[in-house]
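Asker: Shown below is the structure under consideration.
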Protein chains: 2
Amino acid sequence: MTQTRKKFLTLVSLLSLSSIVKASPSKKKPQLAHHVFFWLKDPSSTTDRDKLIQGVKALGRIKEVRMLHVAVPAETEKRDVVDNSYSVSELLFFDSLQDQKIYQDHPLHQKFIQEHSMLWDRVVVYDSMEV
Amino acid sequence: MTQTRKKFLTLVSLLSLSSIVKASPSKKKPQLAHHVFFWLKDPSSTTDRDKLIQGVKALGRIKEVRMLHVAVPAETEKRDVVDNSYSVSELLFFDSLQDQKIYQDHPLHQKFIQEHSMLWDRVVVYDSMEV
């Protein structure tokens, strides 16, 4: 093998390695958790609750959403610190602040608000960035 | 191949398949999200915040914990519905109510509370079951 060919192969190896190194962090990006709790106007209406659940689930179609967890209060032990007064929980993960902003402005999200906001009385949002 | 050997191999295949079928649903189990928000006694102390963060991260060693997301308020847009007044967010996933209970009673969790509860002023917990 000539010296030139050896150098060329070393360069190719280094380039391949750098692309792996570059690709790797994106998989391990700190996730932004966007957790929304909904209190329904009529908490006794399972119809309203299920309509909201379906609406929230459809938000998973927005491509920036990395993880979607749609839930209702769990039957864990009643404790003073536990708030189980909400009706529906929506938890989404994003790769970045930018992706969360794209989601906020996304037509599907805007449509969701227009079509479901009459169902809720109160909303609380917690946005947290992984450390 | 003898008939007996054929039957034996079929049995082995069926047993392997049954173990796959058995293992599979656990991966798709509806997840219980246990989300805890901590308000520090001294919100200006990054030392206290970092101590709490390290303590929360160690809870990931409890084997029932399926997913651990430790975070601080994200720099998302300020809106009336967004609560960013807390200092640390701890989000855990569990496979079941039982696993969450095991976690609550786990010596590592109890030790965490003993060693860190002097740091916080207020805690709010949301337990939600995926639907």
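The values are calculated or read from the model by the stated rules, or taken from the named source; none is laboratory data. Computed from a predicted structure; not experimentally measured. With ideal geometry, Cβ positions are generated from the backbone for all residues, glycine too; neighbour counts draw on all protein chains shown. Each accessible area value is taken on the protein alone, full model and side chains, heavy atoms only, with ligands, DNA and RNA left out. Shrake-Rupley method; radii C 1.70, N 1.55, O 1.52, S 1.80 Å.
Asker: Which condition from (1) farther than 18 Å from residue A:105 by Cβ; (2) without any contact (Cβ under 8 Å) to a residue 12 or more places away in the chain; (3) more than 11 Å from chain B (Cβ to nearest Cβ) is the one that residue A:41 breaks?
Answerer: (2)
Asker: Within the stretch B:55-69, identify whether any single residue is charged (D, E, K, R) and facing chain A (nearest Cβ under 10 Å), and answer yes or no.
Answerer: Looking for residues that are charged (D, E, K, R) and facing chain A (nearest Cβ under 10 Å), one finds at least one in the stretch B:55-69, hence yes.
Asker: Which numbered condition in (1) more than 20 Å from residue B:82 (Cα to Cα); (2) open to solvent by 60 Å² or more (accessible area, probe 1.4 Å) is the only one that residue A:55 fails?
Answerer: (2) is the only condition that residue A:55 fails.
Asker: Give me the pairs, please: first residue somewhere in the stretch A:52-76 and within 29 Å of residue B:105 (Cα to Cα), second residue anywhere and part of a loop (DSSP other than H, G, I, E, B) and open to solvent by less than 20 Å² (accessible area, probe 1.4 Å), beta-carbon distance under 9 Å, and either six or more positions apart or on two chains.
Answerer: Every condition considered, the pairs that remain are A:72/A:86; A:72/A:87; A:73/A:86; A:73/A:87.
Asker: Within the stretch A:46-81, track down each residue that is hydroxyl-bearing (Ser, Thr, Tyr) and in a helix (DSSP H, G or I).
Answerer: Listed by number, the residues that qualify are A:46, A:47.
Asker: Given (1) within 20 Å of the chain's Cα centre (by Cα); (2) within 7 Å of another protein chain (Cβ to nearest Cβ), where does residue A:76 come up short, assuming only one miss?
Answerer: Exception for residue A:76: condition (1).
Asker: Another question about this same structure. Does residue A:52 satisfy being modelled with pLDDT of 95 or more and over 24 Å from residue B:75 (Cα atoms)?
Answerer: yes
Asker: Scanning for something in contact with an Asp or Glu (Cβ under 9 Å, 6 or more places away or on another chain), part of a loop (DSSP other than H, G, I, E, B) and β-branched (Val, Ile, Thr), does the stretch A:35-45 turn up at least one residue?
Answerer: Scanning the stretch A:35-45, I find no residue that is in contact with an Asp or Glu (Cβ under 9 Å, 6 or more places away or on another chain), part of a loop (DSSP other than H, G, I, E, B) and β-branched (Val, Ile, Thr), so the answer is no.
Listed here are the residues, each with its yes/no results for (1) touching a Cys at 6+ places or on another chain (Cβ under 7 Å); (2) among the basic types (Lys, Arg); (3) farther than 21 Å from residue A:31 by Cβ.
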{"site": "B:79", "(1), (2), (3)": "no, yes, no"}
{"site": "B:83", "(1), (2), (3)": "no, no, no"}
{"site": "B:93", "(1), (2), (3)": "no, no, no"}
{"site": "B:98", "(1), (2), (3)": "no, no, yes"}
{"site": "B:105", "(1), (2), (3)": "no, no, yes"}
{"site": "B:108", "(1), (2), (3)": "no, no, yes"}
{"site": "B:116", "(1), (2), (3)": "no, no, yes"}
{"site": "B:122", "(1), (2), (3)": "no, yes, yes"}
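Asker: Could I ask something else about it? Inside the stretch B:84-114, can you point out the residues that are in a loop (DSSP other than H, G, I, E, B) and either more than 11 Å from chain A (Cβ to nearest Cβ) or surrounded by 15 or more Cβ atoms within 10 Å (Cβ to Cβ) (or both)? Write out each step before concluding.
Answerer: Step one: filter the stretch B:84-114 for residues in a loop (DSSP other than H, G, I, E, B), giving B:84-87, B:95-96, B:106.
If the condition is that a residue be in a loop (DSSP other than H, G, I, E, B) and either more than 11 Å from chain A (Cβ to nearest Cβ) or surrounded by 15 or more Cβ atoms within 10 Å (Cβ to Cβ) (or both), then B:84, B:86, B:87, B:95, B:96, B:106 are the ones that fit.
Asker: Moving to a separate point now. When residues of the stretch A:115-131 are filtered for being open to solvent by 60 Å² or more (accessible area, probe 1.4 Å) and not in a helix (DSSP H, G or I), how many remain?
Answerer: 3
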